[in-house]
Each structure stands twice: as C-alpha cells, then as structure tokens.
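To start, the structure under review is shown below, and the notes come after it.
The values are calculated or read from the model by the stated rules, or taken from the named source; none is laboratory data. Note that the structure is predicted; figures quoted are calculated from it, not measured. Positions of Cβ are generated from backbone atoms using ideal geometry, with glycine treated the same way; all protein chains shown enter the neighbour counts.
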Amino acid sequence: MAYFLLRRLMSVIPVLVVVSIIVFLALRLGPGDPAAILAGDSATPDMIAAMRAHLGLDQSLPQQFIHWVIQIAHGDLGRSITSNQPVTMLVASRLEPTLALASATIIFSILVATPLGVLAAWRRGTWVDNLASGGAVIGFALPAFVTGYLLVYVFALKLQWLPVQGFIPLSEGFWPFIRHLILPTLTLSTIYIALITRVTRASMLEILGEDFVRTARAKGLPERVVLFRHALGNSAIPILSVIGIGIALLLGGVVVTESVFSLPGLGRLTVEAVVARDYPVVQGIIILFSGVYVLINLAVDVSYAIFDPRISY
C-alpha cells in the first residue's frame with residue numbers, strides 16, 4: 001500500500017506540469033493584454049510598456065514560466081495583477097463557499113442517486129424504473145444555468161421560500177448557511193445525480209443476475225440485505241469510478257453555479273480573473289483544482305481494494 005501511494009503521488013507531478021504548461025500558454029497566447037487593461041483606455045504606448053515591465057510581461061515566455069514554477073516550488077502562487085494581493089490569500093478568502101457547495105453537492109447526490117439506482121434496478125421495467133431513467137435523461141439534458149434559473153423562478157421568486165442569491169458563512173448560523181446553499185446544491189446536483197443513478201442501475205442489473213444473489217435470497221435473507229449488502233457491495237467499483245469522474249464535472253459546474261447565484265467562491269473568482277486577464281489568479285486556481293482532482297482519483301483507486309480485496313495494488 002505504501003509503495004502504491006508513493007507511486008501514485010509521484011505521478012501527480014507530471015500531470016500538474018502538463019496542466020500548468022497548457023494553462024500558462026493558453027492565457028498568454030490568447031487575446032487581451034492585462035497591462036493595457038490596468039493602464040486604462042487613455043494610456044499611451046509608453047505607459048503600457050512600463051506597465052508590462054512592472055508586471056514582468058516583457059520577459060520571454062520561457063522566462064515567465066520558469067519564474068512562475070520557482071514561485072510554486074516555494075509555495076507562492078504569486079500576486080494578483082489587479083488587486084496586488086497574494087493569490088493564496090484570495091483563494092483562502094473564497095474557499096468556504098466553494099467547499100461548502102461542493103461538499104453539500106457530493107453528499108446529497110450520493111445519498112439520493114445510490115438508493116434511486118438500486119431501486120430502479122430492483123424494479124426494472126416498472127414505473128419506478130421508467131421515472132428514474134427519464135429523470136436521469138432530463139438531468140443530463142438540462143444545462144446547470146437553465147436548472148438554476150428555473151429553481152430561482154419557482155422557489156425564490158414565485159414561492160419565496162428561499163433566497164435568490166448570496167452566501168451566509170457557517171459562523172453566522174447553521175440555518176441561514178443551509179438556506180442559502182439549497183438552490184445552488186440542487187442545481188449542481190442535477191447532472192451528478194443523473195450520472196450516478198444511471199451507472200448504479202446498470203451495475204446493479206448485472207449483479208442481480210449472479211448466482212450468489214440467488215443463493216442469498218434462497219437462504220431467506222431480507223431483500224434490503226440482499227440489495228444493499230451483497231449486490232450493492234459488489235457493484236461498488238463502477239459506482240466509485242463514476243463518482244471520481246463526477247468530481248471533474250463538479251469542479252466545472254461550480255464556476256457556472258456560483259455565477260448564477262452570486263456565490264463569492266473560487267468559481268466566481270475564476271470568472272472575474274479570466275475577464276481581467278489576471279494570470280496569477282487563474283493559474284493558481286486551476287493548479288489547485290487539478291491537484292484536488294488528482295488526489296480524489298487517488299482516493300478512489302485506494303477504495304477499490306477496500307471494496308474488492310481481489311484488486312491488487
């Protein structure tokens with residue numbers, strides 16, 4: 001196990017290097033000049049050139065990249081071009097809304113989608129199965145921003161049960177904190193629930209036809225024990241895989257959802273930084289997301305052996 005973890009952690013390094021190169025080149029080769037934005041509309045070419053020199057943008061791309069990598073190696077993500085604040089400070093100040101939204105979405109989606117997929121497989125061909133499968137198709141078809149605006153229109157504007165937008169920190173009360181997270185969580189969970197439900201149903205259908213399931217039923221075990229202990233336990237590998245894939249969808253969906261509901265999280269910070277061509281902020285957030293995604297995939301790989309000891313490291 002120790003060798004496996006060490007080997008997988010070492011594999012994180014080339015992944016982050018490739019991601020950093022792609023992000024670095026995409027930002028700098030794209031249209032727009034942050035120096036011109038900061039200098040203002042009335043700036044002269046000399047003023048823009050001076051601003052570029054101040055920001056270090058007058059250096060060659062390899063020099064800029066090496067300087068940035070050295071900063072990251074020292075735990076420094078650089079300073080924001082627009083606010084001149086350390087990127088780590090900006091990320092820390094926006095971390096709570098994103099972490100709260102992502103955690104609520106993951107927990108809610110798994111708690112809803114897993115039993116729903118099991119129930120759909122158990123009642124295959126019935127109205128329950130058709131309803132779950134149809135709901136999954138709709139969940140895939142609707143973009144997050146469309147779902148978000150529909151939920152806002154119904155629950156915030158018409159019924160006035162929930163707030164339209166904003167975020168309340170947990171330190172200011174548990175109910176206000178949860179109340180402002182309900183609509184964003186439902187919005188972001190739609191695609192995630194659809195994905196897990198479909199995979200859980202397909203995996204369960206395959207397992208329910210196995211001999212050991214028929215043997216468990218022949219022994220007189222309760223149906224819930226057969227479904228959730230024997231069948232679901234042996235269906236865990238593909239379900240865990242899709243949960244790991246869903247994390248990637250979740251990270252992308254955070255950007256859209258936070259923009260719709262005006263949550264002051266990392267997704268909204270990313271949009272603001274992209275618009276302002278704030279290279280250090282965008283690079284820092286993407287590197288952070290990439291590292292989290294790789295570590296989550298590592299956790300999923302380790303969990304394979306926990307649910308199925310036959311899988312070797």
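Looking at the structure I just gave you, is Arg79 at pLDDT below 80, touching a helix residue (DSSP H, G or I) at 6+ places or on another chain (Cβ under 7 Å), of a type in the set (D, E, K, R) and surrounded by 13 or more Cβ atoms within 10 Å (Cβ to Cβ)? So that I can check it myself, show each step before the final result.
Details: at pLDDT below 80: no; touching a helix residue (DSSP H, G or I) at 6+ places or on another chain (Cβ under 7 Å): yes; of a type in the set (D, E, K, R): yes; surrounded by 13 or more Cβ atoms within 10 Å (Cβ to Cβ): yes.
So Arg79 fails the test.
Please indicate, with yes or no, whether at least one residue in the range 122-141 is closer than 25 Å to Ser241 by Cβ, touching an Asp or Glu at 6+ places or on another chain (Cβ under 8 Å) and not aromatic (Phe, Trp, Tyr).
Within the range 122-141, one or more residues are closer than 25 Å to Ser241 by Cβ, touching an Asp or Glu at 6+ places or on another chain (Cβ under 8 Å) and not aromatic (Phe, Trp, Tyr).
If you take the residues of the range 161-185 that are part of a helix (DSSP H, G or I) and touching a helix residue (DSSP H, G or I) at 6+ places or on another chain (Cβ under 6 Å), which of them is nearest to Ile239 (Cα to Cα)? Before the answer, list the steps.
Keep residues of the range 161-185 that are part of a helix (DSSP H, G or I), which gives 170-172, 174-179, 182-185.
Subset that is touching a helix residue (DSSP H, G or I) at 6+ places or on another chain (Cβ under 6 Å): 170, 177, 183-185.
Values: Leu170: 31, Phe177: 30, Leu183: 25, Pro184: 24, Thr185: 21 Å.
So the residue we want is Thr185.
Could you tell me how many of the residues in the range 125-142 are in contact (Cβ under 8 Å) with a residue 24 or more places away in the chain and either among the aliphatic types (A, V, I, L, M) or surrounded by fewer than 14 Cβ atoms within 10 Å (Cβ to Cβ) (or both)?
In the first step, residues of the range 125-142 are kept if they are in contact (Cβ under 8 Å) with a residue 24 or more places away in the chain; the result is 129, 132-133, 135-140, 142.
Within this subset, residues satisfying the condition of being either among the aliphatic types (A, V, I, L, M) or surrounded by fewer than 14 Cβ atoms within 10 Å (Cβ to Cβ) (or both) are 132, 136-138, 140, 142.
Residues flagged as in contact (Cβ under 8 Å) with a residue 24 or more places away in the chain and either among the aliphatic types (A, V, I, L, M) or surrounded by fewer than 14 Cβ atoms within 10 Å (Cβ to Cβ) (or both) within the range 125-142 amount to 6.
Among the residues of the range 210-239, what is the count of those that are under 11 Å from Trp122 (Cα atoms) and small (Gly, Ala, Ser)?
1
Report whether or not Asn130 is over 21 Å from the mean Cα position of the chain (by Cα) and not assigned by TED's automatic domain parsing to the domain that holds Gly209. Spell out the reasoning first.
Numbers: over 21 Å from the mean Cα position of the chain (by Cα): yes; not assigned by TED's automatic domain parsing to the domain that holds Gly209: no.
So Asn130 fails the test.
Would you tally the residues in the range 93-140 being more than 26 Å from Pro264 (Cα to Cα) and either in contact with a strand residue (DSSP E or B) (Cβ under 9 Å, 6 or more places away or on another chain) or not aromatic (Phe, Trp, Tyr) (or both)?
Qualifying residue count, the range 93-140: 26.
Which one is farthest from Val300 (Cα to Cα) among residues in the range 12-54 that are of a type in the set (Ser, Thr, Tyr) and at pLDDT 75 or above? Write out each step before concluding.
Of the range 12-54, the ones of a type in the set (Ser, Thr, Tyr) are 20, 42, 44.
If we keep only those that are at pLDDT 75 or above too, we end up with 20, 44.
Working: Ser20: 24, Thr44: 54 Å.
It comes out as Thr44.
Hey, among Leu186, Leu205, which residue is assigned by TED's automatic domain parsing to the domain that holds Gln160, farther than 19 Å from Phe261 by Cβ and aliphatic (A, V, I, L, M)? Don't jump to the end; show me each part of the working.
Details: Leu186 fails: farther than 19 Å from Phe261 by Cβ.
From the options Leu186, Leu205, the qualifying one is Leu205.
One line per residue, one yes/no per condition, for (1) more than 19 Å from Leu188 (Cα to Cα); (2) of a type in the set (D, E, K, R); (3) modelled with pLDDT under 80:
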residue	(1), (2), (3)
Val226	yes, no, no
Gly246	no, no, yes
Leu250	no, no, yes
Gly253	no, no, yes
Thr257	no, no, no
Phe261	no, no, no
Leu269	no, no, no
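Since Gly209 meets every condition but one in (1) modelled with pLDDT of 85 or more; (2) exposed (fewer than 13 other Cβ atoms within 10 Å of the Cβ), which condition does it not meet?
All conditions are met except number (1).
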